[in-house]
Amino acid sequence: MKYLIAGASGQLAKAFIKKFTEFNIDFLAPDEQELDITDKIKINNVFAQYKPDVLINCAAYNNVEAAETDNTKAFLINRDAVVNLVEVSSQYNAVLVHFGSDYVFDGKKGAVYTETDSVNPLNEYGKSKLAGEQAALKYDKALVCRLSWVIGDGQQNFLYKLSGWLEKNKVIKVSSDEISVPTFTFDVVEVILRALDNNLTGLYQLVNSGYASRYELAKEYIKLKNLNNEIIPVPMATFPSKVQRPLFTAMSNRKISKTLNISIPDWKNSLAKFCQNF
């Protein structure tokens, strides 16, 4: 199998690159200029030269705040580029792996979300991610996995930002009513590779087991890191924002776990592993 990775500089792509390098798996991870997913000609050129069996799209626009005032780039990368990837993947008969978001939900269910629940994104970022997953699902060789609170080797995650705040402040406030599933890149990689081995296609939710508030995640992190900062739980409304964000977007991983006959680690176990290795 030959794997092509889009969005090579991101934390999720880094986890795939690490795994493929470790196990001497044939892959190509061009930089974002060479494999610009908004440019169909560039995508086609890379496909023509490398002829991948699988394209793993780790590229995404994740600036939730900026998307609210100007959604052009969000929809260009999260929707229009996915249309490009579907068209080229189809032309070369390659499997497309694409990642969605818990922000397709409005957070009003009051319970864990499944793949059959209605979607209703509250903000422009969520709308762009929903449009992207819908575009990908039109392709019969697409595997679309919704993720939440992705954490890995990189700066675009809550724990990286949290560690910076903790270095500068003895006491910090963290929202206690914003709840989802911390999901670790190394677990995502393992499940995706198992899913590809089993020729899975369609829509799945790929998150660690359990769920937590931002506050609970922060508390567990400082405990594992033996830090003595104080974390104060506050409502998310404490932090003014022009973006409406859903409060409870915890998703169930039961469908993919059952289909593959696997058990995805609890977020606390994977957090401990993350703290030891990163």
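The values are calculated or read from the model by the stated rules, or taken from the named source; none is laboratory data. Keep in mind that what you see is a predicted model, and the values were worked out from it rather than measured. Cβ atoms come from the backbone with ideal geometry, glycine included; neighbour counts cover every protein chain shown. All accessible areas refer to the heavy atoms of the entire protein, side chains included, with ligands and DNA or RNA removed. Shrake-Rupley method; radii C 1.70, N 1.55, O 1.52, S 1.80 Å.
Given Cβ point charges of +1 (Lys, Arg) and -1 (Asp, Glu) and nothing else, what value in debye, to the nearest 20, does the dipole of the stretch 1-56 about its Cα centre take?
On the way: 7 positive and 8 negative charges, 31 e Å.
The calculated dipole for the stretch 1-56 is roughly 140 debye.
Selection among TYR221, VAL144, ALA131 by position relative to the dipole of the chain gives TYR221 as farthest towards the positive end (Cβ unit charges, Cα centre).
Can you give me the Cα centroid spacing of the stretch 1-68 and the stretch 97-158 in angstrom? Taking the Cα centre of the stretch 97-158 as reference, the centre of the stretch 1-68 is 19 Å away.
Note down, for the stretch 59-104, the three equivalent ellipsoid semi-axes (square root of 5 times each alpha carbon gyration tensor eigenvalue), biggest first, whole angstrom.
Working: eigenvalues 116, 27, 8 Å².
They are 24, 12, 6 Å, listed from largest to smallest.
Give the carbon-plus-sulfur fraction of the accessible surface of the stretch 162-278 in %, rounded to a whole number; probe 1.4 Å, heavy atoms of protein chains only. Don't jump to the answer; show the numbers that get you there.
Numbers: 2740 of 5880 Å².
Of all accessible area on the stretch 162-278, carbon and sulfur atoms account for 47 percent.
How much net charge surrounds LYS129 when only the other residues with a Cβ under 11 Å from the Cβ of LYS129 are counted, with Lys and Arg +1 and Asp and Glu -1? Display every interim value, and only then the final one.
Numbers: positive: ARG79, LYS127, ARG146; negative: ASP102, GLU124, GLU133.
Every neighbour counted, the sum reads 0.
Based on alpha carbons, the Rg and Dmax found for the stretch 86-234 are 17.5, 55 Å.
Rolling a 1.4 Å probe over the protein heavy atoms gives the stretch 6-159 an accessible area of 43 Å² per residue. Debye calculation, C-alpha points only, no solvent: report log10 I(q)/I(0) for the stretch 16-150 at q = 0.09, 0.16, 0.20 Å⁻¹, in the same order as the q values. Log10 of I(q)/I(0), two decimals: -0.28, -0.85, -1.20.
Would you please give the FRET efficiency between LEU227 and GLU68, computed as 1/(1 + (r/R0)^6) with r the Cβ-Cβ distance and R0 = 25 Å, to the nearest 0.05? Could you put the intermediate results ahead of the total?
Working: r = 33 Å, r/R0 = 1.32.
Plugging the Cβ-Cβ distance into 1/(1 + (r/R0)^6) gives 0.15.
Multiplying the residue separation of SER241 and ALA272 by 0.36 nm and subtracting their alpha-carbon distance yields 8.0 nm.
For the stretch 105-170, run through the trypsin sites (Lys or Arg not before Pro) and keep only the ones in DSSP coil with at most 12 other Cβ atoms within 10 Å of their Cβ.
LYS108, LYS138, LYS170
Of all DSSP beta bridges confined to the chain, the antiparallel ones make up roughly 5%.
Which one of ILE232, PRO246, TRP267 has its Cα pushed farthest toward the positive end of the charge dipole of the stretch 203-278, where Lys and Arg give +1 and Asp and Glu give -1 at the Cβ? Of the listed residues, the answer is PRO246.
Evaluated at q = 0.17 Å⁻¹, a Debye calculation over the C-alpha positions of the chain (equal weights, vacuum) places log10 I(q)/I(0) at -1.47. On the beta carbon distance between SER118 and VAL234, with R0 = 30 Å, the FRET formula returns roughly 0.50.
Note on the chain: with charges restricted to the Cβ of Lys and Arg (+1) and Asp and Glu (-1), its dipole about the Cα centre is near 540 debye. With R₀ set to 41 Å, the beta-carbon distance separating VAL171 from GLU32 gives a calculated FRET efficiency near 0.60.
Which of the residue pairs LYS129/LYS219; LYS170/LYS223; LYS18/LYS73; LYS18/LYS225 have a Cα-Cα distance greater than 19 Å in the structure shown? Mind showing how you got there, number by number?
Numbers: LYS129/LYS219 30 Å; LYS170/LYS223 14 Å; LYS18/LYS73 29 Å; LYS18/LYS225 24 Å.
The answer is LYS129/LYS219; LYS18/LYS73; LYS18/LYS225.
Only Lys, Arg, Asp and Glu count, each charged at its Cβ (+1, +1, -1, -1), so figure out the dipole size of the stretch 1-132 about its Cα centre, rounded to 20 debye. Before the final figure, lay out each step's value.
Numbers: 13 positive and 18 negative charges, 52 e Å.
It works out to roughly 260 debye.
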